[in-house]
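The structure under discussion appears below in the form of structure tokens.
All of the numbers you see were taken from the coordinates with simple rules; none came from a lab. Predicted model, so just to flag it, every value in this text is computed and none were measured. Every residue, glycine among them, receives a Cβ derived from its backbone with ideal geometry; neighbour counts consider all protein chains shown.
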Amino acid sequence: MWLIVGLGNPGPSYRNNRHNVGFGVADSLAASAGGRWRTAPDGVWCHLRLAHTPAVLCKPHTFMNRSGQAVARLAALHEIPPARTIVIHDDVDLPFGTLRLKAGGGHGGHNGLRSIIADLGDSGFLRVRLGIGRPEDGDVVAWVLGDFPADSHDDLGSTLTRATEAICATVDHGLAKAASTFNARKRN
């Protein structure tokens, strides 16, 4: 069994924020695999089958800075180790539309990852890093919490689709093979 986590902030005011791109991928994955969201005290979750493999998909509603609470609870409940946990998150250090798959590492200043590492006590989980780019003026917080511009929605949709495919490939074929296919810099 796998645990797949899309990071974001709950509520309509955050829906289209760059920081919520993980929620967007989770919604895309749930729709493509027929998942039906259920409410839990700290988020929403659903059961999926990806390549005949069971998975739990979740969107923590504890806000980004406390995402680890929901992740640790679900990991413990389903006895899923960090090596079979995939976290989907935004990354300002990657150009918009870039997708990178990797295993382990630090938090790189991302508070959602920081929380998950602290609450799991392990940084060995897999990551789907989705590039949102960096602002020209340097106000990173406003950029991350800002909405994607209307003219980027086609590219964003393509990125969400690629991320969904990359997660399915990771579960089906392993991280190394999926990364060799999906870690291309160029957007579709």
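Numbers below:
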item	result
Residue tally, condition outside any strand (DSSP E or B) and under 24 Å from Arg100 (Cα atoms), over the range 42-51	1
Test: residue in the range 131-144 that is surrounded by fewer than 18 Cβ atoms within 10 Å (Cβ to Cβ), farther than 23 Å from Thr85 by Cβ and basic (Lys, Arg)	yes
Filtered residues of the range 60-102 (kept if out of contact with any Phe, Trp or Tyr (no Cβ under 8 Å at 6 or more places or on another chain), farther than 28 Å from Pro12 by Cβ, assigned to a helix (DSSP H, G or I) and in contact (Cβ under 8 Å) with a residue 12 or more places away in the chain)	Ala75, His78
Checking Ala55 against (1) part of a strand (DSSP E or B); (2) out of contact with any helix residue (DSSP H, G or I) (no Cβ under 8 Å at 6 or more places or on another chain); (3) of a type outside the set (Lys, Arg); (4) in contact (Cβ under 8 Å) with a residue 12 or more places away in the chain, the condition it does not meet	(2)
Residue match in the range 113-121 (condition: free of Cβ contacts under 8 Å to residues at least 60 places away in the same chain, of a type in the set (Asp, Glu) and farther than 20 Å from Ala179 by Cβ)	yes
Residue within the range 30-41 that is of a type outside the set (A, V, I, L, M, F, W, C), surrounded by 18 or more Cβ atoms within 10 Å (Cβ to Cβ), touching a residue at least 40 places away in the same chain (Cβ under 8 Å) and part of a loop (DSSP other than H, G, I, E, B) present	no
Lone unmet requirement of (1) of a type outside the set (Gly, Ala, Ser); (2) more than 17 Å from Arg129 (Cβ to Cβ); (3) without any contact (Cβ under 8 Å) to a residue 40 or more places away in the chain for Phe23	(2)
Complete set of residues in the range 129-185 that are under 14 Å from the mean Cα position of the chain (by Cα) and either charged (D, E, K, R) or on the phi > 0 side of the Ramachandran plot (or both)	Arg129, Arg162, Glu165
Any chance Ala76 is farther than 22 Å from Ala176 by Cα and over 15 Å from the mean Cα position of the chain (by Cα)	yes
Yes/no for Val25 being touching a helix residue (DSSP H, G or I) at 6+ places or on another chain (Cβ under 7 Å), of a type in the set (A, V, I, L, M, F, W, C), buried (at least 19 other Cβ atoms within 10 Å of the Cβ) and part of a strand (DSSP E or B)	no
Residues of the range 1-31 classified as touching a Ser or Thr at 6+ places or on another chain (Cβ under 6 Å) and hydroxyl-bearing (Ser, Thr, Tyr), total	1
Every residue from the range 141-163 that is within 16 Å of Leu130 (Cβ to Cβ), assigned to a helix (DSSP H, G or I) and not β-branched (Val, Ile, Thr)	Trp143, Ser152, His153, Asp154, Asp155, Leu156, Gly157, Ser158, Leu160, Arg162, Ala163
Matching residues in the range 4-22 - criterion: being of a type in the set (Gly, Ala, Ser), assigned to a helix (DSSP H, G or I) and buried (at least 18 other Cβ atoms within 10 Å of the Cβ)	Gly22
